[in-house]
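Novice: Next up is a structure, given as structure tokens.
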Amino acid sequence: MTAPSATTGDAVLAIKDLKIAFRTPDGEVEAVRGLDMHVMRGETVAVVGESGSGKSQTMMAAMGLLASNGRASGAVRLEGDEILGLGNRALDRVRGRKVTMIFQEPMTSLDPLFRIGDQLAEPLIVHGGLGRGAAKARALELLGLVGIPEPERRIESYPHELSGGQRQRVMIAMAISNNPAVLVADEPTTALDVTVQAQILALLADLKARLGMAIVFITHDLGIVRRFADRVYVMRAGEVVETGTTERILSAPEHPYTKMLLDAEPTGSKPPPPADAPVVVSARDVRVTFRMPAGMFKPPHEVRAVAGVDVALRRGQTLGVVGESGSGKSTLGRAILRLTPSSGAISFEDRDLRPLDRAAMRPLRKQMQLVFQDPFGSLSPRMSVGDIITEGLLVHAPEIDRKEREARAAQALKDVGLDPAARNRYPHEFSGGQRQRIAIARAMILQPAFVVLDEPTSALDRSVQRDIVNLLRRLQDARGLTYLFISHDLAVVRAMADEIVVMKDGVAVESGPTRQIFLAPREEYTRNLIAAAFLSAQREAA
């Protein structure tokens with residue numbers, strides 16, 4: 001790692017007394033309060049903290065990218081030149097050339113209407129002054145540099161034709177195209193599988209060494225910081241509460257908030273259900289095949305999503321299903337719930353579900369619930385929280401009057417740790433963790449026996465993840481719930497699951513008790529998943 005300088009005079013990026021505020025209908029809101037920060041050449045500086053701490057807004061202000069209702073004061077010097085407050089024309093000569101940014105979700109950052117090659121060429125033409133032919137040649141070189149296979153073919157692809165990891169690599173290629181002095185990476189791996197995450201981090205480290213650029217890495221994941229950063233700034237409520245070398249911050253934190261972040265990773269394990277607990281859900285030889293229509297260059301073809309998977313879940317048990325994107329995890333969960341057409345034997349509480357059509361399945365739906373990954377996408381923005389939570393009661397308990405529904409909604413909110421008065425508010429008025437609690441309340445109000453939890457914590461801060469894990473454990477213990485817990489976050493799965501099924505390309509390549517999977521995985525694929533999740537050094541504690 002690069003040793004941090006004792007002075008800031010030769011810093012490539014120096015921020016002094018930065019204040020950021022936003023005008024809102026309820027008055028002015030301070031987002032950042034007098035922040036000081038510096039980054040040396042060739043150094044990786046991590047900015048960590050929970051959502052709303054001001055991490056991203058700090059760098060957005062530094063690059064002149066604040067929303068129209070935001071304003072910033074203080075000083076931001078890039079290679080010695082003041083850039084805070086510059087006009088758009090002057091900033092355009094800096095952004096994309098001297099300082100660039102990789103955003104969290106590449107699919108929303110890449111234009112879906114333009115080919116990858118055209119999007120890579122644009123900053124080379126605008127900032128690098130290259131002609132179109134030279135820009136295309138450089139774009140091919142960049143795709144190779146960031147490890148995109150078959151760059152000659154991929155340069156003609158559209159964003160939707162690439163995987164999440166490949167799209168993130170394209171964003172990195174675009175960001176480094178003009179050899180910037182500073183690369184800002186804003187949560188660039190949050191939505192990626194652990195193996196892809198490890199590849200992206202290794203790629204950024206390699207590019208930093210090759211190009212000599214500085215990296216500002218914004219994240220809430222301290223596991224990544226441990227492996228990647230030289231120094232750390234810990235932010236809370238718009239202020240830096242602690243800063244120092246990564247080794248010092250992680251081994252001997254001084255501020256209570258830093259200690260809380262370090263302690264926030266879900267830990268422990270749940271006791272297994274009794275050996276004689278009845279089987280709630282059983283699935284044998286589950287297979288799901290999607291028939292894909294013909295495309296411009298492809299004939300009709302079939303995609304095997306799940307290939308002969310067996311699972312059995314007892315009352316009170318949590319089965320973790322792990323694997324990379326495209327491994328068939330979510331498809332398996334939907335097949336078991338009979339939300340996706342499948343073959344094989346599926347039973348719920350000893351009842352064979354195969355002969356049941358949609359109408360015959362409806363009475364069982366209240367007993368078999370699903371919690372989605374993205375609560376903001378699964379909660380209707382036009383409905384109040386109370387209406388969202390009680391919607392299932394209108395279908396499955398139509399005899400209940402409105403007063404009783406409201407009473408049950410209030411109790412459901414209490415059960416997930418929310419104020420019952422919140423039932424008259426709307427989803428956008430809540431944080432991500434609160435929205436996930438609302439989604440859980442919507443499922444739990446029907447008193448199900450079996451719940452499929454599809455990546456319910458992946459987009460949340462570690463401290464919020466811990467709270468959601470504790471909530472799910474508490475509800476399971478109180479109600480004897482059976483969970484199918486789908487995730488690529490092995491730290492969360494380890495804390496939640498009694499047993500684990502590891503999936504790859506639709507096949508269950510390994511299964512067994514959680515402790516066995518972490519301590520002595522049989523398959524190389526499983527070992528790679530654990531190593532990529534930065535958990536290999538912690539197996540002894542599993």
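Novice: Please specify each residue of segment 50-62 satisfying the condition of being in contact with a Ser or Thr (Cβ under 9 Å, 6 or more places away or on another chain), part of a loop (DSSP other than H, G, I, E, B) and more than 13 Å from residue 29 (Cβ to Cβ). Explain how you work it out, then say what you get.
Specialist: Within segment 50-62, the first condition is being in contact with a Ser or Thr (Cβ under 9 Å, 6 or more places away or on another chain), and the residues that meet it are 50-52, 55.
Right, trim to part of a loop (DSSP other than H, G, I, E, B) and you get 50-52.
50, 51, listed by residue number.
Novice: While we're here: Anything in segment 110-120 that is out of contact with any Ser or Thr (no Cβ under 9 Å at 6 or more places or on another chain), surrounded by 16 or more Cβ atoms within 10 Å (Cβ to Cβ) and modelled with pLDDT of 90 or more? List them, or say none.
Specialist: Within segment 110-120, 118, 119 meet the criteria.
Novice: What residue, among those in segment 318-348 that are among the basic types (Lys, Arg) and out of contact with any helix residue (DSSP H, G or I) (no Cβ under 6 Å at 6 or more places or on another chain), is surrounded by the fewest Cβ atoms within 10 Å (Cβ to Cβ)?
Specialist: As a first pass, look at segment 318-348 and keep what is among the basic types (Lys, Arg): 329, 334, 338.
Narrowing further to those that are out of contact with any helix residue (DSSP H, G or I) (no Cβ under 6 Å at 6 or more places or on another chain): 329, 334.
Numbers: 329: 26, 334: 20.
It comes out as 334.
Novice: For residue 88, work out the one condition from (1) loosely packed, with under 14 Cβ neighbours inside 10 Å; (2) of a type outside the set (A, V, I, L, M); (3) touching a residue at least 60 places away in the same chain (Cβ under 8 Å) it doesn't fulfil.
Specialist: It is condition (3) that residue 88 fails.
Novice: In segment 8-40, which residues are part of a strand (DSSP E or B), closer than 17 Å to residue 232 by Cα and open to solvent by 50 Å² or more (accessible area, probe 1.4 Å)?
Specialist: 16, 36, listed by residue number.
Novice: Going by what's in this entry, would residue 265 be described as among the acidic types (Asp, Glu) and over 30 Å from residue 518 (Cβ atoms)?
Specialist: Details: among the acidic types (Asp, Glu): yes; over 30 Å from residue 518 (Cβ atoms): no.
Answer is no for this residue.
Novice: Restricting to segment 258-270, name every residue that is in contact with a strand residue (DSSP E or B) (Cβ under 8 Å, 6 or more places away or on another chain) and either surrounded by fewer than 20 Cβ atoms within 10 Å (Cβ to Cβ) or at pLDDT 95 or above (or both). If you could, list the steps in order and put the result at the bottom.
Specialist: Of the residues in segment 258-270, the ones in contact with a strand residue (DSSP E or B) (Cβ under 8 Å, 6 or more places away or on another chain) are 258, 261, 270.
Passing the criteria: only 270.
Novice: OK, next. Within segment 124-142, is even one residue under 20 Å from residue 91 (Cα atoms), touching a strand residue (DSSP E or B) at 6+ places or on another chain (Cβ under 8 Å) and at pLDDT 90 or above?
Specialist: If we filter segment 124-142 for residues that are under 20 Å from residue 91 (Cα atoms), which is where we start, we get 124-130.
Cutting the leftovers down to touching a strand residue (DSSP E or B) at 6+ places or on another chain (Cβ under 8 Å) gives us none.
No, segment 124-142 contains no residue that is under 20 Å from residue 91 (Cα atoms), touching a strand residue (DSSP E or B) at 6+ places or on another chain (Cβ under 8 Å) and at pLDDT 90 or above.
Novice: Do we find a residue being at pLDDT 90 or above and not in a helix (DSSP H, G or I) anywhere in segment 193-210?
Specialist: Checking segment 193-210: not a single residue is at pLDDT 90 or above and not in a helix (DSSP H, G or I).
Novice: Continuing with the same structure: Exactly one condition in (1) within 30 Å of residue 304 (Cα to Cα); (2) at pLDDT 90 or above is false for residue 386; which is it?
Specialist: Exception for residue 386: condition (1).
Novice: Scan segment 340-355 and tell me whether some residue there is in a strand (DSSP E or B), in contact with an Asp or Glu (Cβ under 8 Å, 6 or more places away or on another chain) and either under 22 Å from residue 163 (Cα atoms) or basic (Lys, Arg) (or both).
Specialist: Checked against the condition, which is being in a strand (DSSP E or B), in contact with an Asp or Glu (Cβ under 8 Å, 6 or more places away or on another chain) and either under 22 Å from residue 163 (Cα atoms) or basic (Lys, Arg) (or both), segment 340-355 yields no hits at all.
Novice: Can we say residue 226 is of a type in the set (Lys, Arg) and without any contact (Cβ under 8 Å) to a residue 24 or more places away in the chain?
Specialist: no
Novice: Check whether at least one residue in segment 295-307 is closer than 29 Å to residue 442 by Cα and either surrounded by 14 or more Cβ atoms within 10 Å (Cβ to Cβ) or touching a helix residue (DSSP H, G or I) at 6+ places or on another chain (Cβ under 7 Å) (or both), and report yes or no. Spell out how you get there, then give the answer.
Specialist: Going through segment 295-307, the residues closer than 29 Å to residue 442 by Cα turn out to be 305-306.
Next, from what is left, pick out any that are either surrounded by 14 or more Cβ atoms within 10 Å (Cβ to Cβ) or touching a helix residue (DSSP H, G or I) at 6+ places or on another chain (Cβ under 7 Å) (or both): 305-306.
Yes, some residue in segment 295-307 is closer than 29 Å to residue 442 by Cα and either surrounded by 14 or more Cβ atoms within 10 Å (Cβ to Cβ) or touching a helix residue (DSSP H, G or I) at 6+ places or on another chain (Cβ under 7 Å) (or both).
Novice: Counting just the residues of segment 515-527 that are outside any loop (DSSP other than H, G, I, E, B) and in contact with a helix residue (DSSP H, G or I) (Cβ under 6 Å, 6 or more places away or on another chain), which one comes out surrounded by the fewest Cβ atoms within 10 Å (Cβ to Cβ)? I'd like the intermediate steps shown before the answer.
Specialist: First pass over segment 515-527, keeping only residues outside any loop (DSSP other than H, G, I, E, B): 515-519, 524-527.
Going one step further and asking which of them are in contact with a helix residue (DSSP H, G or I) (Cβ under 6 Å, 6 or more places away or on another chain), we end up with 518-519.
On the way: 518: 23, 519: 12.
Per the criteria, the residue is 519.
Novice: For segment 455-507, enumerate the residues that are part of a helix (DSSP H, G or I), open to solvent by less than 20 Å² (accessible area, probe 1.4 Å) and either in contact with a Ser or Thr (Cβ under 9 Å, 6 or more places away or on another chain) or farther than 15 Å from residue 270 by Cβ (or both).
Specialist: Filtering segment 455-507 for residues part of a helix (DSSP H, G or I) gives 462-479, 490-496.
The next check asks that each one be open to solvent by less than 20 Å² (accessible area, probe 1.4 Å); those that pass are 463, 465, 468-469, 471-472, 475-476, 490-493, 495-496.
The answer is 463, 465, 468, 469, 472, 476, 490, 491, 492, 493, 495, 496.
Novice: Out of segment 365-396, which residues are open to solvent by less than 70 Å² (accessible area, probe 1.4 Å) and of a type in the set (Val, Ile, Thr)?
Specialist: Listed by number, the residues that qualify are 371, 385, 388, 389, 390.
Novice: Taking segment 168-194 on its own, how many of its residues are buried (at least 19 other Cβ atoms within 10 Å of the Cβ) and farther than 22 Å from residue 125 by Cα?
Specialist: Here the count works out to 9.
Novice: Could you grab the pairs with beta carbons closer than 6 Å, sequence gap of 6+ or different chains, first residue in segment 417-433 and in contact (Cβ under 8 Å) with a residue 40 or more places away in the chain, second one open to solvent by 30 Å² or more (accessible area, probe 1.4 Å) and not in a loop (DSSP other than H, G, I, E, B)?
Specialist: These pairs meet every condition: 427/435.
Novice: Got at least one residue in segment 357-364 being touching a Lys or Arg at 6+ places or on another chain (Cβ under 7 Å) and either open to solvent by less than 10 Å² (accessible area, probe 1.4 Å) or on the phi < 0 side of the Ramachandran plot (or both)?
Specialist: Yes: one or more hits.
Novice: Further, regarding this structure: Residues that are surrounded by fewer than 19 Cβ atoms within 10 Å (Cβ to Cβ), touching a residue at least 24 places away in the same chain (Cβ under 8 Å) and part of a loop (DSSP other than H, G, I, E, B): does segment 398-416 have at least one?
Specialist: no
The values are calculated or read from the model by the stated rules, or taken from the named source; none is laboratory data. Just so we're clear, the structure is a prediction, and the values are computed from it rather than from any experiment. Counting neighbours? That spans all protein chains shown, and the Cβs are built from the backbone with ideal geometry, glycine included. Just so you know, the surface numbers come from the protein's heavy atoms only, side chains and all, with ligands and any DNA or RNA stripped out. Shrake-Rupley method; radii C 1.70, N 1.55, O 1.52, S 1.80 Å.
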